[in-house]
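Presented below is the structure to which this report refers.
Laboratory data are not the source of any read-out in this text; all were calculated from the coordinates shown. A quick note: this is a predicted structure, and the numbers were derived from the prediction, not measured. Here the Cβ is made from the backbone with ideal geometry for all residues, glycine too, and neighbour counts use every protein chain on show.
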Amino acid sequence: MQDTSLPDPAIEFRNVSLSFDDNPALTDVSFRLERGEMIFLTGASGSGKSVLLHLAMGLIKPDEGHIFVEGREIENLDESDLLAVRGGAMGMVFQEDSLFTGMSVYDNVAYRLEEHGWDGSTIDKSVLEVLRFVGLEGEEEKFPGELSGGMKRRVEIARALIGWPSIMLLDEATMGLDPIVALQVLELVVRARDLNNVSSLYVTKKLYELPYLATYRAAKNSNGDIEVKEASKNNLAQTRVMLLDSGRLVFSGSVDEFQRSDLPVIKHLAASDPHNHDADPYFADPWDKERKPREEIP
Ligand SMILES: Nc1ncnc2c1ncn2[C@@H]1O[C@H](COP(=O)(O)OP(=O)(O)O)[C@@H](O)[C@H]1O
Ligand SMILES: [Mg+2]
């Protein structure tokens, strides 16, 4: 008999395979994203990261295997149930620009809830709350064409987070952003994870992001303000790294284990990490008003 006292994992893949024509994109992939857990999914370009996220969203179907979201097999859901899962349980930030250019920020962010029949005043409240969360209060009437790249990303995150889904899928959400804005995005991800207990699959090729995401946490301080700062060893978020290599999951373990691994594919990926770590604001909080410019940090 199944133990019903444990919640179902947020996402589970069982032996999932998918090919395009005769080219395998994913081969026999199995994993569980537990509730509240954050999995960092990495791997070279073309290794199958985006395909895995699209499968988890039910946007494409596997050739073989089974995919469960909060215990329900996606395959068995009809289109309206699937929409409900996407509308309520899951929010996704796509790799490519995906805002509707003809719609205002408000309408872009509200879209998912409108599509799922939420009532107007709840939508209104939710849009304002989530725009405040991403620091875009007051920008409701702008159109995507009037926004910087970083602001667009934050609108995309707001759109994924509206209504507080229980699962967040992020596909290279910091790609193409300058380091300060990229850090703001990482902080939003940490805040969503820690303050709203969102389970997440975070896809990135930027390996230097992993220690930040694994060791920084968001919490309310005694003034009720939200702080993102390095956590003590016994208070870390539940995180794990998974590595795809040509569509196969070849590693799953902690960030420490990942960094210490001798797997050639990991060494190769780390060596191709193009980031210059010297001129790097990654471990300071750009929203900290007391923060000293880098030059002044002893
Ligand atoms: N719609 C599609 N049609 C054909 N091939 C695709 C499609 N989507 C992805 N692929 C192929 O599947 C493989 C994995 O792609 P993808 O998941 O986008 O890689 P990643 O996100 O890791 O860079 C690649 O070889 C890609 O060309
Ligand atoms: Mg991709």
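Cβ neighbours within 10 Å, averaged per peptide: list 124-130, 260-266, 228-234 in order, most packed at the top.
Ranking the peptides 124-130, 260-266, 228-234 by packing returns 124-130, 260-266, 228-234.
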- Item | Range of Cα positions in the range 11-274 per principal axis (Å), largest first | 50, 44, 34
- Antiparallel bridges, percent of DSSP beta bridges restricted to the range 11-274 (to nearest 5): 55 percent
- Query: Toward the positive end of the charge dipole of the chain, about the Cα centre and with charges on Cβ (Lys, Arg +1; Asp, Glu -1), which of Leu161, Ala25, Leu236 goes farthest?
  - Reply: Leu236
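Would you mind checking the pairs Lys61/Lys229; Lys220/Lys267; Lys142/Lys229; Lys152/Lys205 and listing those with alpha carbons more than 29 angstrom apart?
Table pairs above 29 Å Cα-Cα are Lys61/Lys229; Lys220/Lys267; Lys142/Lys229.
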- Message: Which one, Leu186, Val16, Ser45, is farthest towards the positive end of the dipole of the chain when Lys and Arg carry +1 and Asp and Glu -1 on their Cβ?
- Response: Leu186
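Which value, in debye to the nearest 20, describes the size of the charge dipole of the range 11-274 about its Cα centre when Lys and Arg Cβ atoms bear +1, Asp and Glu Cβ atoms bear -1, and nothing else is charged? Walk me through the numbers before you get to the answer.
Values: 27 positive and 42 negative charges, 182 e Å.
Taking the Cα centre of the range 11-274 as origin, the dipole is about 880 debye.
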